[in-house]
Amino acid sequence: MAPVIRSFYKDATVLICGATGFLGQILLEKILRVLEPRKVYLLIRRKKGFDVQQRLHKLMEGVVFDRVRSLPIVSKVQAIEMDMTQPDLGLNIENRHCLVEEVHVVFQLAASVNFMTPLERILKENVQYNLHLYNLVREMKNLRIAMHVSTLFSNCDRKVILEKVYSDVGFGGYDSIAEHLSKLDEQEKDSVTPMIIKQHPNNYTFSKKCIEAKLQQAFSDIPIGIFRPPSINATYEEPLAGWVNNLYGYAGYTVPVIIWLYSAYFIDDSTTPQFAPVDYCANALLLCAVDVAKNFKHNQREIPVFNYADNGLPTLKDIFNYSIATLPWPRNFIYRYFMITCTTNEIRYRLGVKMMLAHASILDRVWIWRGYPGGVRKGIERALQMMDKTRLVGTTTWDVEAVNIKRIQQDLDEEEKAIFQCDLGNVNWERHYRDYVQGIRKYVLGAMRSKL
């Protein structure tokens, strides 16, 4: 069989929005290392006093790009300054012309993932600003495919999640909600938010549901697909094992264990959560884009959706055991039986939280005595707030349809299956979580220490 995936991207011009993020970095590295694009445009905004060229330089200095940094293809990466708050993205005439005339493939990964963001603001960031981008995408003369990265939890208020867009946003849809919120003061917005998001655990998942519905409503006539990854873990193998640069998802749950802190979690450890290594997510995304482009019909009404999931993943109990096993003896024994509370009993959980916070206060004093800044308790308080906003993930096992990604994998030849590994059934989860914990120590906590 011909190398279908590599042929699709060969000499194509690719646009990535969100390349500086976790998944975006791995996607960019894979494209540069394995594919042969003509050019890669990155839409980047100014941030913290750094212009886009400085941010691109800093990005390419990262350990993720060690294998490609010296390759000639890196010269094909071009950063373009943008401002997604502006309807025209703040693009100058020249850059806009280049994108409209040249781009074949678009990956939209940029999103606000802060679960504590107020509803009106996160709807602007994850819906309205995305629509600004897709208005540009519609103008692209050579567009083959635009892939929107959503989340598997955009419809986590359902027990069964099918591969389709659910448009039951309520309250007349996104436009009606945005207009209604704009007329309220902050206190009123906070009071109506629970009624608007209903069974969603946080504003983030609701905002992702809204953007999916808007894309279905306004952009189903162009080649566009929706990719729904689960909670994204550290890399499994590529470009190196265990790389992670954030404390979202399971990483945030693991830090208390790593720093030798009593830990309390409101979870059902028999739950089978949906997790996937970030390099597997990037591979799956690349495959899905080709599939959407190949099957696009101009008269289609439904945007193709790809749930990246597997119903045969390890339980939370297994995951915790894999993670704790990385600790040295006798610490792993002490942690497993004496320093961790996993429960769905609210009273027991609250008692565990009090113990956790008291222990964090003691660690603060010890760290300050040793000459380090405190902040352990403050950090744990923020983590606990985040855990409360994601409680549903630790207590629910969803029935997820994942027919499309399995079909794509079956259609690949053996060589491309090896190049674009994304079959979650092939992951050695015990090894993965061992590398994950080591990666949190090295790339996240280590980076924090170096800044102290």
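Any chance you could count how many residues in region 232-260 are in contact with a Leu (Cβ under 8 Å, 6 or more places away or on another chain) and crowded, with 22+ Cβ neighbours inside 10 Å?
Qualifying residue count, region 232-260: 2.
For region 143-182, how many residues meet the condition of being of a type outside the set (V, I, T), in a loop (DSSP other than H, G, I, E, B) and over 18 Å from the mean Cα position of the chain (by Cα)? Working first, answer last.
Here is the first cut: in region 143-182, the ones of a type outside the set (V, I, T) are 143-144, 146-148, 150, 152-159, 162-164, 166-168, 170-176, 178-182.
After this cut, where a residue has to be in a loop (DSSP other than H, G, I, E, B) as well, the list is 143-144, 150, 156-159, 162-164, 166-168, 170-173.
Pick out the ones that are also over 18 Å from the mean Cα position of the chain (by Cα) and you get 143-144, 157-159, 162-164, 166-168, 170-173.
Residues meeting the conditions: 15.
On the basis of being within 27 Å of the chain's Cα centre (by Cα), assigned by the TED database to the domain that holds I259 and open to solvent by 70 Å² or more (accessible area, probe 1.4 Å), does T390 make the cut?
No; evaluated as a whole, the condition is false for this residue.
Residues D364, D310, D318: which one is in contact with a Gly (Cβ under 6 Å, 6 or more places away or on another chain), charged (D, E, K, R) and either surrounded by 13 or more Cβ atoms within 10 Å (Cβ to Cβ) or closer than 20 Å to P273 by Cβ (or both)? Lay out the reasoning, then the answer.
On the way: D310 fails: in contact with a Gly (Cβ under 6 Å, 6 or more places away or on another chain); D318 fails: in contact with a Gly (Cβ under 6 Å, 6 or more places away or on another chain).
Answer to the selection: D364.
Answer yes if at least one residue in region 434-441 is among the β-branched types (V, I, T) and over 29 Å from Y280 (Cβ atoms), and no otherwise. Give the derivation first.
So in region 434-441, the residues among the β-branched types (V, I, T) come out as 437, 440.
With the extra rule that they be over 29 Å from Y280 (Cβ atoms), the set shrinks to none.
Scanning region 434-441, I find no residue that is among the β-branched types (V, I, T) and over 29 Å from Y280 (Cβ atoms), so the answer is no.
Please state which one of L424, L445 is open to solvent by less than 40 Å² (accessible area, probe 1.4 Å) and at pLDDT 90 or above. Write out each step before concluding.
Details: L445 fails: at pLDDT 90 or above.
Going through L424, L445 in turn, the sole match is L424.
Just for helices (runs of 4 or more DSSP H) wholly inside region 296-402: which have at least 2 residues that are of a type in the set (S, T, Y)?
316-324, 331-338, 346-369
Would you say R391 is closer than 28 Å to G242 by Cα and without any contact (Cβ under 8 Å) to a residue 40 or more places away in the chain?
Values: closer than 28 Å to G242 by Cα: yes; without any contact (Cβ under 8 Å) to a residue 40 or more places away in the chain: no.
So R391 fails the test.
So that you can scan it fast, the table gives a plain yes or no per residue for (1) in a loop (DSSP other than H, G, I, E, B); (2) closer than 29 Å to M355 by Cα:
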{"site": "K214", "(1), (2)": "no, no"}
{"site": "Y236", "(1), (2)": "yes, no"}
{"site": "T254", "(1), (2)": "no, yes"}
{"site": "W260", "(1), (2)": "yes, yes"}
{"site": "A264", "(1), (2)": "no, yes"}
{"site": "S270", "(1), (2)": "yes, yes"}
{"site": "D279", "(1), (2)": "no, no"}
{"site": "N283", "(1), (2)": "no, no"}
{"site": "L287", "(1), (2)": "no, no"}
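Only one of (1) over 17 Å from P229 (Cα atoms); (2) modelled with pLDDT under 95 fails for R431. Which number is that?
(2)
If you scan region 100-114, which residues turn out to be assigned to a helix (DSSP H, G or I) and of a type outside the set (A, V, I, L, M, F, W, C)?
Matches in region 100-114: E101, E102.
Could you tell me whether region 119-139 includes any residue that is of a type outside the set (A, V, I, L, M, F, W, C), in a loop (DSSP other than H, G, I, E, B) and out of contact with any strand residue (DSSP E or B) (no Cβ under 8 Å at 6 or more places or on another chain)? Give the derivation first.
Step one: of region 119-139, the residues of a type outside the set (A, V, I, L, M, F, W, C) are 120-121, 124-126, 128-130, 132, 134-135, 138-139.
Now restrict to residues that are in a loop (DSSP other than H, G, I, E, B): none.
Looking for residues that are of a type outside the set (A, V, I, L, M, F, W, C), in a loop (DSSP other than H, G, I, E, B) and out of contact with any strand residue (DSSP E or B) (no Cβ under 8 Å at 6 or more places or on another chain), one finds none in region 119-139, hence no.
Tell me which residues, restricted to region 91-119, are surrounded by fewer than 18 Cβ atoms within 10 Å (Cβ to Cβ) and either of a type outside the set (A, V, I, L, M, F, W, C) or in the same structural domain as G252 (by the TED database) (or both).
N92, E94, N95, R96, H97, E101, E102, S112, N114, P118
Filter region 194-203 down to the residues that are surrounded by 12 or more Cβ atoms within 10 Å (Cβ to Cβ) and in a helix (DSSP H, G or I), then identify the one that is nearest to the chain's Cα centre (by Cα).
Per the stated criteria, the residue is N203.
With respect to the numbered conditions (1) in contact with a strand residue (DSSP E or B) (Cβ under 9 Å, 6 or more places away or on another chain); (2) outside any strand (DSSP E or B); (3) open to solvent by less than 10 Å² (accessible area, probe 1.4 Å), which one is the sole condition not fulfilled by E29?
Just one mismatch for E29, condition (1).
Here is a check on your reading of the model: is P72 open to solvent by 70 Å² or more (accessible area, probe 1.4 Å) and either over 20 Å from the mean Cα position of the chain (by Cα) or not aliphatic (A, V, I, L, M) (or both)? Steps first, please.
Working: open to solvent by 70 Å² or more (accessible area, probe 1.4 Å): yes; either over 20 Å from the mean Cα position of the chain (by Cα) or not aliphatic (A, V, I, L, M) (or both): yes.
Yes.
Looking only at region 176-193, decide whether some residue is of a type in the set (D, E, K, R) and either touching a His at 6+ places or on another chain (Cβ under 8 Å) or crowded, with 16+ Cβ neighbours inside 10 Å (or both).
Checked against the condition, which is being of a type in the set (D, E, K, R) and either touching a His at 6+ places or on another chain (Cβ under 8 Å) or crowded, with 16+ Cβ neighbours inside 10 Å (or both), region 176-193 yields at least one hit.
Can you tell me which residue is most open to solvent (accessible area, probe 1.4 Å) among those in region 75-85 that are modelled with pLDDT under 95 and polar (S, T, N, Q)?
S75
Being closer than 16 Å to L316 by Cβ and surrounded by fewer than 20 Cβ atoms within 10 Å (Cβ to Cβ) is the filter here, so list the residues in region 393-421 that pass it. It would help to see each step written out before you state the result.
Step one: list which residues in region 393-421 are closer than 16 Å to L316 by Cβ, which gives 393-398.
The answer is G394, T395, T396, T397.
The values are calculated or read from the model by the stated rules, or taken from the named source; none is laboratory data. The shown structure was predicted, so the numbers you read here are calculated from the model rather than taken from an experiment. Note that each Cβ is placed from the backbone with ideal geometry, even for glycine, and that neighbours are counted across all protein chains shown. When the accessible area is computed, the model is the full protein with side chains, heavy atoms only, and any ligands, DNA or RNA have been set aside. Shrake-Rupley method; radii C 1.70, N 1.55, O 1.52, S 1.80 Å.
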